[in-house]
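A quick write-up on the structure given underneath.
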Amino acid sequence: MSLKVQYLGWASFLLTGPSGKTILTDPFLAGDEDLGIPATPVDYSDLTVDLILTSHPANDHFAQAMEIMGHSETTKILGDHTTMIMAELAGFGDLNGPRCELTTSGATYPFGEFKIKAVDARHIAFRHLEDGRFITGEPLCYFIKTEGYPTIFFGGDTSLTMDMKLWGELYQPEIAIIGIGGVDLDGRSLDEMDPEDAAVCAKMLGVKKIIPMHYRGKEYLERFKTALKKCAPSCECISMAYGDEMEL
């Protein structure tokens, strides 16, 4: 019996609880050469999970969400209104259906042995639809709590905010999964939270361990490790490669 974490790639992690329930965060698995993001080495062609947990429907956090929803008739998706709209347009029901689970900042969603609390992300939830319209919504971060195991903060695409200090005091996470870089926009890296800001985030949250995500190349990881040693020297950096697994 354990809480398992597998890094599939970019901001996508597969959490397996003690009872076997599974949560998949921000499914972007196919990669994108133009954005500088490689595909996951994990075969996801028939991946089935119990819950897809989404921070916002940007392509590099959401691209395979609907594909994986289609692998099982029981998979649920949790997210903001834009996430629910995307699921409805894909034919997976609406807010009154059994598969779409709406949440908002401050709300806690119980899911088996997990309790998932949503908080604001400092970002934007934006999506162009195929018919030319667009939707905007509420980007989110999550605290994932499992009784008897470390509380995890999953940062999605958030940038740095003083709220993190309050969250650390209130929710006392032990592990943070946070972005330390961004996508390549024609040679310009769009970093919502760069390595130095991410180290400050670790300090404000007061976590014991950090799993960095959402970055391209070793330079970002080395910058983060250097900044973390200066800013939060007691916090351990756990750098996972795509496909790596660990138990908490």
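For residue 108 and residue 222, what is the calculated FRET efficiency with R₀ set at 51 Å and r taken between the beta-carbons, to the nearest 0.05?
Numbers: r = 37 Å, r/R0 = 0.72.
E between residue 108 and residue 222, to the nearest 0.05, is 0.90.
Suppose all protein chains stay in the model; what accessible area per residue would a 1.4 Å probe give for the chain, in Å²?
Roughly 45 Å² per residue, with all protein chains present.
Residue 241 to residue 59: extension gain in nm, 0.36 nm per residue of separation minus the Cα-Cα distance?
Separation in residues times 0.36 nm, less the Cα-Cα distance, equals 63.4 nm.
With the convex hull built on the Cα atoms of region 1-110, state its orientation-averaged projected area in nm².
Projected over every direction and averaged, the Cα hull of region 1-110 covers 7.3 nm².
Express as a percent, rounded to the nearest 5, the fraction of DSSP beta bridges in region 145-248 (both residues included) that run antiparallel.
30 percent
At what distance in nm do the modelled label points of residue 34 and residue 234 sit from each other, each positioned 7 Å from its Cα along Cα→Cβ?
So the label points at residue 34 and residue 234 sit 4.7 nm apart.
Projected onto the charge dipole of region 163-248 (+1 at Lys/Arg Cβ, -1 at Asp/Glu Cβ, origin at the Cα centre), which of 176, 195, 234 gives the Cα projection farthest towards the positive end?
Projecting each Cα onto the dipole axis, the largest value belongs to 234.
What is the percent carbon and sulfur in the accessible area of the chain, measuring with a 1.4 Å probe over the protein chains and ignoring ligands?
That fraction is 49 percent.
Quick check on region 113-248: take the gyration tensor over C-alpha atoms, sort the square-rooted eigenvalues as a ≥ b ≥ c, and tell me if it's rounded (a/c under 1.5), prolate or oblate.
Oblate shape, in that a/c is at least 1.5 and b/c is the bigger or equal ratio.
Kindly work out what percent of the DSSP beta bridges joining two residues of region 1-136 are antiparallel, to the nearest 5. Present the calculation step by step, with values, prior to reporting the outcome.
Numbers: 16 of 25 bridges.
Once the DSSP bridges in region 1-136 are tallied, antiparallel ones form about 65 percent.
Indicate, rounded to the nearest 5 percent, the antiparallel portion of the DSSP beta bridges found entirely in the chain.
Approximately 65 percent, going by the DSSP bridge assignments.
Using modelled amide H (1.01 Å from N, peptide plane; none on Pro or chain starts), what sits under 5 Å from the amide H of residue 179, excluding residues fewer than 5 places away?
155, 213
Grab the beta carbon distance between residue 81 and residue 133, set R0 = 22 Å, and tell me the FRET efficiency rounded to 0.05.
0.95
To one decimal place, what Kirkwood hydrodynamic radius in Å is obtained for the chain from all pairs of distinct Cα atoms? Can you show the working numbers first?
Numbers: mean 1/r = 0.0557 Å⁻¹.
Roughly 18.0 Å, rounded to one decimal.
The values are calculated or read from the model by the stated rules, or taken from the named source; none is laboratory data. Source: prediction; values computed, not measured. For neighbour counting, all protein chains shown are included, and Cβ atoms are generated from backbone atoms with ideal geometry for every residue, glycine included. Surface accessibility is based on the protein's heavy atoms, side chains included, excluding ligands, DNA and RNA. Shrake-Rupley method; radii C 1.70, N 1.55, O 1.52, S 1.80 Å.
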